[in-house]
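Read through the structure below, which is laid out as C-alpha cells, and then see the notes.
The values are calculated or read from the model by the stated rules, or taken from the named source; none is laboratory data. All values derive from a computational prediction rather than experimental measurement. Virtual Cβ from ideal backbone geometry, glycine too; neighbours counted across all protein chains shown.
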Amino acid sequence: MFKLPRRRSLLVILCLTASLAFAAVVSANHAWGNYHWARTANPFTLKVGNNVTSAWTSQFNTSISDWNQSQELGLSPVAGTSNKRCAMVAGTVQVCNGTYGNNGWLGLASINITGGVHITQGSAKMNDTYFNTATYNNPNEKLHVMCQEIGHTFGLGHTSEDGSSQNTCMDYFSNTGANAGSTASTHPNAHDYSMLSTIYAHLDSSNTAAASAASSSASEVTNDPNSWGVLKSQSANGRSSTYEREHGNGSKTLTHVFWTEEAAERCNGCDHRFDH
C-alpha cells in the first residue's frame, strides 16, 4: 500500500485541521434568535429614518452603504420623524444620536416582534454623552458602534463578545485607546452578508417592512431602563446585554445594549442598569 512520507503526512493533517477550523468559523451562526423582517420577495425595501446630527452623517451614510451590499436588503434612507427621542415607527428602522445621559451605554438597538419572530419596527441609538468624550470621540469607534446597532435591527447578533476582532462591526472589538486609529471592525464582512442570506433564505406571506402605521408607544424604548424589560443574557466581559419586554398584545421588544468599557470594568457580572 502506498504511504505518504511522514513529513508530508503531517503537512496534510495540519492542512485538513486548519480547513476544518476555518469552516467552523465561517459557518458559525450569529443570527439574533430567529428574528427577521417578514417579506414576500428579496431584496426587500426597508426604510431607515435618518435622525442623526451632522457629527454622525458620515457614519450613517457609510453604514447604510455597507449594509446595502447585502443581496437581501434594499435600504432606503428617509427623513427621520423623532429626532433624539428615536421612537420606533412601524415598517422602519429609526437611527438617532443624542446626549442620553451618563447611564453606562454607548449604543442601543431595539426591535419589536410579532408572531414570535417577525420584526415590525426597530431603532438604533448612539449616546453622545460618551461619544463627546476623548475616549470614544473618534470616527472609527463611532462607525463600529453605528454599523453594529443598525445590523442588529436586521436580526444579526454578535460574531464575538470577548473583545477580539473578527474584522466585522458585529464583534466587540473596541476602537479606543491604542486602537483608536485602527479601522478594524468598522464594516460588515463576508460572513455577515452570508448570515443575512441564511436569515432571509425563506419568504413570508406578509411584509412587515411595508407597514405604514404610526409608532407604537407600548414598544418604545426610552432612557428609563425599566422600558427594556428583563435581562435575558450578558457577555462574560460585561459589555453586551440583551433585554426582553413582553406586551399584552402578544408582541415583545428586544434590546441589545453596548455598554461602555467603564461600566464593564466596574462589575462585569452586574446588570449595569443599576450599578452606576
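The table below lists the values:
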item: Residue tally, condition within 13 Å of the chain's Cα centre (by Cα) and crowded, with 21+ Cβ neighbours inside 10 Å, over region 174-191; result: 3
item: Count of region 228-239 residues which are touching a helix residue (DSSP H, G or I) at 6+ places or on another chain (Cβ under 9 Å) and among the hydroxyl-bearing types (Ser, Thr, Tyr); result: 1
item: Residues being closer than 17 Å to Ser227 by Cα and not in a loop (DSSP other than H, G, I, E, B) - total across region 260-275; result: 3
item: Filtered residues of region 226-254 (kept if hydroxyl-bearing (Ser, Thr, Tyr) and on the phi > 0 side of the Ramachandran plot); result: none
item: Among the candidates Ser215, Ser233, Ser240, residue that is at pLDDT below 90 and closer than 21 Å to Ile150 by Cα; result: Ser215
item: Region 245-265, residues that are exposed (fewer than 15 other Cβ atoms within 10 Å of the Cβ) and within 19 Å of Ser174 (Cβ to Cβ); result: Glu262, Glu265
item: Every residue from region 63-97 that is at pLDDT 95 or above and over 18 Å from Thr45 (Cα atoms); result: Cys96, Asn97
item: Spans of strands (runs of 3 or more DSSP E) in region 36-132 with at least 3 residues buried (at least 21 other Cβ atoms within 10 Å of the Cβ); result: 44-51, 92-98, 105-114, 118-127
item: Some residue of region 115-128 being within 17 Å of Tyr200 (Cα to Cα) and of a type in the set (Asp, Glu); result: no
item: Condition met for Ser194 (among the small types (Gly, Ala, Ser) and either at pLDDT below 95 or under 15 Å from the mean Cα position of the chain (by Cα) (or both)); result: no
item: Long-range neighbours under 7 Å by Cβ, at least six apart or interchain, first residue at negative phi within region 82-95, second surrounded by fewer than 21 Cβ atoms within 10 Å (Cβ to Cβ) and part of a strand (DSSP E or B); result: Lys84/Gly98; Thr92/Lys47; Val95/Asn50
item: Subset of region 193-212 (residues that are out of contact with any Phe, Trp or Tyr (no Cβ under 7 Å at 6 or more places or on another chain), farther than 18 Å from Ala90 by Cα and in a helix (DSSP H, G or I)); result: Tyr193, Ser194, Met195, Ser197, Thr198, Ile199
item: Condition check for Leu143: outside any loop (DSSP other than H, G, I, E, B), in contact with a Leu (Cβ under 8 Å, 6 or more places away or on another chain), hydrophobic (A, V, I, L, M, F, W, C) and touching a residue at least 24 places away in the same chain (Cβ under 8 Å); result: no
